[in-house]
Amino acid sequence: MGDSEHRPLLDEDAGPLVRPYTVSNGRTAPTAKLDLLSLVRATGQLRPSQLEAEHAEALILCREPISVAEVSAHLRLPAMVIKVLLSDLVDCGAVTAHAPDPAVDPTDRTVLEALLNGLQRRL
């Protein structure tokens with residue numbers, strides 16, 4: 001199954017053709033505690049072909065540790081929608097999630113620059 005089968009439908013001018021609330025089945029709250037800097041990684045217990053398209057695309061991105069913010073950027077979906085999708089994957093054992101070190105200040109300029117650099121490398 002190719003990666004292109006899991007990409008959201010896009011219109012050059014309008015953006016995603018599938019509304020975020022549709023992707024998350026109308027849910028607005030994740031069951032797992034995730035923030036933008038949480039790192040998620042696939043466990044190998046499920047294959048992307050066993051999941052719905054958006055979940056599969058997120059799982060593919062999680063082959064290596066990746067932040068919630070990076071997944072959001074890659075899938076071009078709001079962070080809250082990504083948190084719901086990743087939470088589903090945590091709940092079914094497809095990914096693990098680790099909160100950032102509590103000593104890390106998410107407003108620290110060096111943390112934000114590192115996140116931005118990571119996003120730019122992956123895009």
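The values are calculated or read from the model by the stated rules, or taken from the named source; none is laboratory data. Please read these numbers as outputs of a predicted model, since none were measured by experiment. Heads up, the Cβs are rebuilt from the backbone with ideal geometry, glycines too, and the neighbour counts pull from every protein chain shown. Only protein heavy atoms, including side chains, enter the accessible area calculation; ligands, DNA and RNA are left aside. Shrake-Rupley method; radii C 1.70, N 1.55, O 1.52, S 1.80 Å.
Taking the numbered list (1) open to solvent by less than 30 Å² (accessible area, probe 1.4 Å); (2) out of contact with any Gly (no Cβ under 9 Å at 6 or more places or on another chain) in turn, residue 67 passes all entries but (2).
Quick one: count up the residues across segment 82-96 that are aliphatic (A, V, I, L, M) and open to solvent by 40 Å² or more (accessible area, probe 1.4 Å). The qualifying residues number 1.
Here residue 42 clears all of (1) at pLDDT 70 or above; (2) more than 13 Å from the chain's Cα centre (by Cα) except the condition numbered (2).
Could we say that residue 79 is under 30 Å from residue 113 (Cβ atoms) and of a type outside the set (D, E, K, R) here? So residue 79 passes the test. When the test is whether a residue is in a strand (DSSP E or B), touching a strand residue (DSSP E or B) at 6+ places or on another chain (Cβ under 9 Å) and open to solvent by less than 60 Å² (accessible area, probe 1.4 Å), residue 40 passes it. Taking segment 73-93 as the range and being closer than 15 Å to residue 39 by Cβ and either aliphatic (A, V, I, L, M) or without any contact (Cβ under 8 Å) to a residue 24 or more places away in the chain (or both) as the test, the residues that pass are 73, 79, 82, 86, 89, 90.
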